[in-house]
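The values are calculated or read from the model by the stated rules, or taken from the named source; none is laboratory data. Keep in mind it's a predicted model, so treat the numbers as computed, not measured. Cβ coordinates were reconstructed from backbone atoms using ideal geometry, including for glycine residues, and neighbour counts include every protein chain displayed.
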Amino acid sequence: MIAPCGMSPESNIPRQLILNFPTQREFTFSNFSVSKGSLTAYASAQKIAGTESTGVSSLFLHGAKNLGKTHLLIAIGNELAVHSPEKNTCYVDVGTLLNSASDTHIPNAKIALLAEADVVLFDALDGIENHPILQENLYHVYNSLAEKGGTTVFSSRSHPRDLRVADYLESRFLWGMTADIQPFDPESMEQVIIKLGHDAGLVIPPAGAHYIINRIDRNFSAMKKTVDILNEYSFRKKCKVTVPLIKEALNL
């Protein structure tokens with residue numbers, strides 16, 4: 001059993017709340033679908049996970065839902081677990097943290113746990129809006145890590161300046177690197193759909209990929225779901241993927 005962030009297995013802090021690494025091994029840099037809109041975020045995340053010192057205290061990733069923010073955060077942790085195992089790295093889902101917190105603050109034991117880490121990855125940061133006590137807690141954790149040369153990584157749907165947080169916390173978010181993730185461009189979507197098909201043993205022709213991208217949302221989850229449907233439908237029909245088959249499978 002992997003103990004949460006260096007704690008013993010007997011700790012009463014739920015594993016799903018604060019995790020250490022490696023975990024969710026399917027989230028790596030090698031299988032992240034890089035597009036023009038995510039190239040800067042991808043490179044920034046790799047820099048944070050690198051073995052050489054960057055002198056950067058934080059990274060703030062922002063972008064719409066289902067574009068890969070969580071994937072990159074966990075990829076950072078998994079990469080550090082392999083190449084810098086001496087670093088104590090924690091992943092925190094802020095939404096889960098908020099749901100489990102009493103009076104919208106982090107219990108002292110959890111603050112101490114995070115402050116003692118070397119790298120903390122805060123996911124879904126939007127949850128701290130309108131929760132001033134929780135914002136103070138995160139400010140304390142950030143400062144504790146920065147003072148000892150640690151690193152904090154955040155993900156949010158909003159740019160730091162657009163988050164409804166205290167000015168002192170916004171300034172911390174802007175201290176380090178900031179990178180946005182944009183929706184997939186059409187060319188990248190076609191490449192990802194073809195690759196997802198290839199990984200599933202399914203040949204999706206360029207014409208089929210082109211047909212699909214104009215009819216689904218521009219995010220990875222939509223592409224993965226579509227390819228899964230095509231894979232199952234093609235197998236059941238025992239037919240190769242063509243535009244007519246895509247129309248049938250997707251009820252278009």
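For the reader, a short list of remarks on this structure follows.
- Residue check for residue 178: within 30 Å of residue 62 (Cβ to Cβ) and hydroxyl-bearing (Ser, Thr, Tyr): yes
- Tallying residues that are under 20 Å from the mean Cα position of the chain (by Cα) and loosely packed, with under 15 Cβ neighbours inside 10 Å within region 162-184 yields 2.
- Selection status of residue 67, in a loop (DSSP other than H, G, I, E, B), modelled with pLDDT of 90 or more and either surrounded by 22 or more Cβ atoms within 10 Å (Cβ to Cβ) or assigned by TED's automatic domain parsing to the domain that holds residue 217 (or both): yes
- The set of residues in region 133-187 that are outside any helix (DSSP H, G or I) and either of a type in the set (D, E, K, R) or closer than 30 Å to residue 207 by Cα (or both) comprises 148, 157, 164, 180, 181, 182, 183, 184, 185.
- Residue match in region 147-155 (condition: among the charged types (D, E, K, R) and buried (at least 19 other Cβ atoms within 10 Å of the Cβ)): no
- When region 220-246 is filtered for residues that are more than 28 Å from the chain's Cα centre (by Cα) and part of a helix (DSSP H, G or I), the ones remaining, listed by number, are 233, 234, 235, 236, 237, 243, 244, 245, 246.
- Of all residues in region 214-221, none are among the β-branched types (Val, Ile, Thr) and buried (at least 19 other Cβ atoms within 10 Å of the Cβ).
- Selection from region 98-127 of residues that are modelled with pLDDT under 90 and in contact with a strand residue (DSSP E or B) (Cβ under 8 Å, 6 or more places away or on another chain): 110, 113, 114
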